[in-house]
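Colleague: Following this message is one structure expressed as structure tokens.
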Amino acid sequence: MRSLFFILEKEFRQMRRRKGLIRTLFIAPIIQLILMPLAANYSVKNISLVVVDHDHSSTSREMVAKITSSGHFNLYATSESNKEALSYVEHDKADLVLEIPPHFERNLVRENSEKLSVEINAIEGVKAGLAGAYLSQILLDYNADIRERFLPPTHQAFVFRIIPIHWYNVFLNYYLYIIPGILVNLVTGIGLMQTAFNLVNEKEIGTIEQINVTPVKKFWFILGKLLPFYILSAIIFSVGLLVGFVFYGMVPVGSIATMYIALLDFLFALVGFGLLLSTYAESQQQVMSLAFFFMNILNMMSGLFTNLDSMPAWAQFITNCFPLSHFIKAMRMICLKGSGLADITPHLLYMFAIGLVFNTWAVLNYKKRS
Amino acid sequence: MQAVIEARELTKSFGSFIAANKLTFDVMPGEIFGFLGANGAGKTTAMRMLCGLSIPTSGEARIAGFDVYTQTEKIKQNIGYMSQKFSLYEDLTVKENIRFYGGIYGLKIPQIKKKTDELLHELQLTQEADKLVRELPLGWKQKLSFSVALVHDPKIVFLDEPTGGVDPITRRQFWDLIYYATSKGITVFVTTHYMDEAEYCNRVSIMVDGVIEALDKPSVLKQKFNVDSMEEVFYLLARKAKRSE
């Protein structure tokens, strides 16, 4: 027990001496957290639109005005021929071509129906899908408007109007969704890598041998090595929350205390994983490759950028074994929904169980003798 | 008198390679025991087994009366170890290193303070107490390592090529430290490549290809092989070696 104090004292002394590292560890996440939410944004804006209007009626003009005023579309050009319009797409100037047939207004009034053609550049799948969806939504809306206008009330058929209400994130503010995720991602990177590096470093410089020949208990030594990284990660997490507040006005709806309970639980699993990696690696290069491999999987499969529910069941099972996916979920629940401890209990239990496995495995695999 | 190191047919093999083969010897309290051998002869392997860092494949050994299989933590309380590779923290100061190792050996804070002053005085490092170890010349680092290995007043200290790469003057000073330690009753188990150092030992063993080929007082060995120096004894034995690094 007393040895723990001396190990911690040494670790913090060494940490303090690595000023460059500490600076990087703090400045890098701040910059990332300021920049990344701007890029990791799925609401599609600035879709470039080319209109081929063969009708030139007041209805067609009004319809185009409605589309461009939605905020999602920029009218890049109007054109007289479909061929010319497609050449804009060809040259990557436009994403979407809307063709309005001749006599659009007349046919609409007389025959009660008319067809429109929409051509979308589908090189970027997500963008194309969303552009199509936005456009149909606007057109449907406009369709309902003109029905009311042109048809006498007696002839009006029933019309559905769907008005969605977005719970928990009323304005679909993307930042509120992505910032907790990015923050968790940054803490993961730092927590995992630094823990693993620090321990392997002692192997590389040979001091571990000197430690192993002392009667220090394995448990205290490992705890002394890990505790500083709990603290470091928690501080970086707090700095991140502050950045989210200052730059994006993110104020968690739920309680900060609940969030930190989840954080500690998560760090237990994460730091345990770092320790486990370090018991298998002999050099910093090895541990770097290992950590990099796992970081990539964790990042891509933990629901940071993608939706986990759309994955096949077996893949979902795998992601359930990642502490990161549970922490991201818990963080979003707390930040957006104001979930309390009881709501996130399943995630807490998952993380704790995973942590227990990693830490036990690591301690068993760390040997003072060979 | 009871031996502080007793090895009986101590063997370590890695697969089919026998690094140390049936080592049998005793080391008496207060003795300086030289453990010689060419590179790759198995000296470090043997020493790691005696320190409880490596589990023997077969054979018996007791260090300060404790068994190397079952009582390694007790052994560690009673021995100091200085590895071939410099293994103090370069980013800690001289004082901080002493404090850290004192602490994990279970010394109380006042004891650590006293010990620190004592060691710094012995090593004449009082001026450098607050310097980072990184900034010290190699010879001083080695002397510091040695003192740190003695911080908890062990019964036995194991030194693995402590003077490798050190200039002759510092080597001499290093041996003064070794003599000073034995004067306080500490047993010294040392490996070296310098045959002049072998002459300073009370007894030496010479290992060739994992086997102890000779073990006696330097004077007796010289007589036995009918030569004038340990260098020649070593040469006669070690040139039979088939394996090298």
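Readers should treat all values here as calculations from the given coordinates under stated rules, not as data from a laboratory. Everything quoted here is computed from the prediction, not taken from an experiment. All Cβ positions, even for glycine, are placed from backbone atoms using ideal geometry, and neighbour counts span all protein chains on display.
Colleague: If R₀ is 30 angstrom, what is the calculated FRET efficiency for the pair A:Phe5 and A:Phe352, using the beta carbon separation as r and rounding to 0.05?
Modeller: 0.65
Colleague: Here is a further query. Place a point 7 Å from the Cα of A:Ser69 along the Cα-to-Cβ direction; which residues of the range A:75-115 have their backbone N under 17 Å from it?
Modeller: A:75
Colleague: What is the angle, in °, between the Cα long axis of helix A:58-68 and the longest principal axis of the Cα atoms in chain A? Nearest 10 is fine, range 0 to 90.
Modeller: 10 degrees
Colleague: Quick one: 3J(HN,Hα) in Hz for the range B:20-33, Karplus 6.51/-1.76/1.60 with θ = phi - 60°, rounded, Gly and Pro as x.
Modeller: 9, 10, 6, 6, 10, 6, 10, 10, 8, x, x, 7, 9, 9
Colleague: Going by alpha carbons, how many degrees (0 to 90, nearest 10) lie between the helix axis of B:138-149 and the longest principal axis of chain B?
Modeller: Compared with the principal axis, the helix lies near 90 degrees.
Colleague: Once phi is turned into ³J(HN,Hα) by the Karplus curve 6.51 cos²θ - 1.76 cosθ + 1.60 with θ = phi - 60°, what whole-Hz value does each residue of the range A:247-253 show in order, with x for glycine and proline?
Modeller: 8, 10, x, 7, 10, x, 6
Colleague: When the label point is put 7 Å from the Cα of A:Val126 along its Cα-to-beta-carbon vector, which residues of the range A:308-322 have a backbone N closer than 15 Å?
Modeller: Hits in the range A:308-322 for A:Val126 at 15 Å: A:308-311.
Colleague: I need to check one value: relative contact order of the range A:47-155, counting alpha carbon pairs closer than 8 Å and at least 6 residues apart, in percent.
Modeller: On the way: 140 pairs, mean separation 32.7, N = 109.
With pairs under 8 Å counted, the relative contact order is 30 percent.
Colleague: Using amide H atoms built in the peptide plane, which far-off residues or other-chain residues are under 5 Å from B:Ser205 H to H?
Modeller: It is B:Gly34, B:Phe35, B:Leu36, by chain and number.
Colleague: Can you sort A:Phe266, A:Phe12, A:Phe322 from fewest to most other Cβ atoms within 10 Å of each residue's own Cβ?
Modeller: Details: A:Phe266 29, A:Phe12 14, A:Phe322 22.
If I rank by nearby Cβ atoms, fewest first, I get A:Phe12, A:Phe322, A:Phe266.
Colleague: What number, in percent, do you get for the relative contact order of the range A:220-362 if the mean sequence gap of Cα pairs under 8 Å and at least 6 apart is divided by its residue count? The partial results should precede the final answer.
Modeller: Working: 130 pairs, mean separation 52.6, N = 143.
After rounding, I find 37 percent.
Colleague: Using only Cα atoms, locate the centre of the range A:339-361 and the centre of the range B:11-35, then give the distance between them in Å, rounded to an integer.
Modeller: A separation of 49 Å, based on Cα centres.
Colleague: For A:Leu116 and A:Arg16 in the same chain, what is the full-extension length gain: residue separation times 0.36 nm, less their Cα-Cα distance, in nm?
Modeller: 29.3 nm
Colleague: Based on other C-beta atoms within 10 Å, arrange A:Ile67, B:Ile63, B:Ile206 from fewest to most.
Modeller: By the 10 Å Cβ count, ascending, the order reads A:Ile67, B:Ile206, B:Ile63.
Colleague: Given the rule -39500 (n - 2.57) for each run of at least 4 DSSP H residues, summed and divided by the residues of the protein assembly as shown, what is its mean residue ellipticity at 222 nm, to the nearest 500 deg cm²/dmol?
Modeller: Using -39500 (n - 2.57) per qualifying helix, the result is -18000 deg cm²/dmol.
Colleague: Let me ask something additional. What whole number of Å gives the distance from the Cα centroid of the range A:185-253 to the Cα centroid of the range B:132-192?
Modeller: If we compute the Cα centre of each part, the gap is 35 Å.
Colleague: Treat each spin label as a single point 7 Å out from the Cα along the C-beta direction, and report the A:Trp361 to B:Val211 distance in nm.
Modeller: 4.6 nm
Colleague: For the pair B:His121/A:Lys218, report the inter-label distance in nm, with labels modelled 7 Å from Cα in the Cβ direction.
Modeller: 4.1 nm
Colleague: Report ³J(HN,Hα) in whole Hz for each residue of the range B:157-170, in order, from the Karplus equation J = 6.51 cos²θ - 1.76 cosθ + 1.60 where θ = phi - 60°; Gly and Pro get x.
Modeller: Calculated HN-Hα couplings, in order: 10, 9, 10, 9, 6, x, 10, x, x, 9, 5, x, 5, 5 Hz.
Colleague: Sticking with this structure for a sec: Would you kindly compute the Cα radius of gyration of chain B and its largest Cα-Cα separation (Dmax), both in Å?
Modeller: In order Rg, Dmax, the Cα atoms of chain B give 18.0, 54 Å.
Colleague: Using a 10 angstrom cutoff on alpha carbons, build the Gaussian network for chain A and name the most mobile of A:Phe197, A:Phe247, A:Phe352.
Modeller: A:Phe247
Colleague: Among residues other than A:Glu204 whose Cβ falls under 13 Å from its Cβ, what is the net charge (Lys/Arg +1, Asp/Glu -1)?
Modeller: Here the charged neighbours net out to -2.
Colleague: For A:Asn74, what is the net charge nearby, where nearby means another residue's Cβ is under 10 Å from its Cβ and Lys, Arg count +1, Asp, Glu -1?
Modeller: Net of charged neighbours comes to 0.
Colleague: Quick query: amide H of B:Tyr81 versus all other amide H atoms, modeled in the peptide plane; which residues come in under 5 Å with a sequence gap of 5 or more or a different chain?
Modeller: HN-HN under 5 Å from B:Tyr81: B:Phe158.
Colleague: Can you give the % of DSSP beta bridges in chain B that are antiparallel, to the nearest 5?
Modeller: 50 percent
Colleague: Just rank A:Glu124, A:Glu11, B:Glu199, fewest to most, by other beta-carbon atoms within 10 angstrom.
Modeller: The most exposed by this proxy come first: A:Glu124, B:Glu199, A:Glu11.
Colleague: Hey, with R₀ at 41 Å, roughly what FRET efficiency would B:Lys74 and A:Met288 work out to, going by the Cβ-Cβ distance, to 0.05?
Modeller: Rounded to the nearest 0.05, the efficiency is 0.60.
Colleague: Which entries in the list A:Lys225/B:Lys131; B:Lys22/B:Lys184; B:Lys143/B:Lys240; A:Lys218/A:Lys329; A:Lys218/B:Lys143; B:Lys115/B:Lys222 go over 30 Å, if you measure between the two C-alpha atoms of each?
Modeller: Cα-Cα > 30 Å for B:Lys22/B:Lys184; B:Lys143/B:Lys240; A:Lys218/A:Lys329; B:Lys115/B:Lys222; rest within.
Colleague: Could the peptides B:28-35, B:106-113, A:276-283, B:10-17 be put in order, highest first, of the mean number of other beta-carbon atoms found within 10 Å of their residues?
Modeller: Going from most to least packed, we get B:28-35, A:276-283, B:106-113, B:10-17.
Colleague: List the relative contact order of chain A as a percent without decimals, with contacts defined as Cα pairs under 8 Å and 6+ residues apart.
Modeller: Computed over chain A, the figure is 19 percent.
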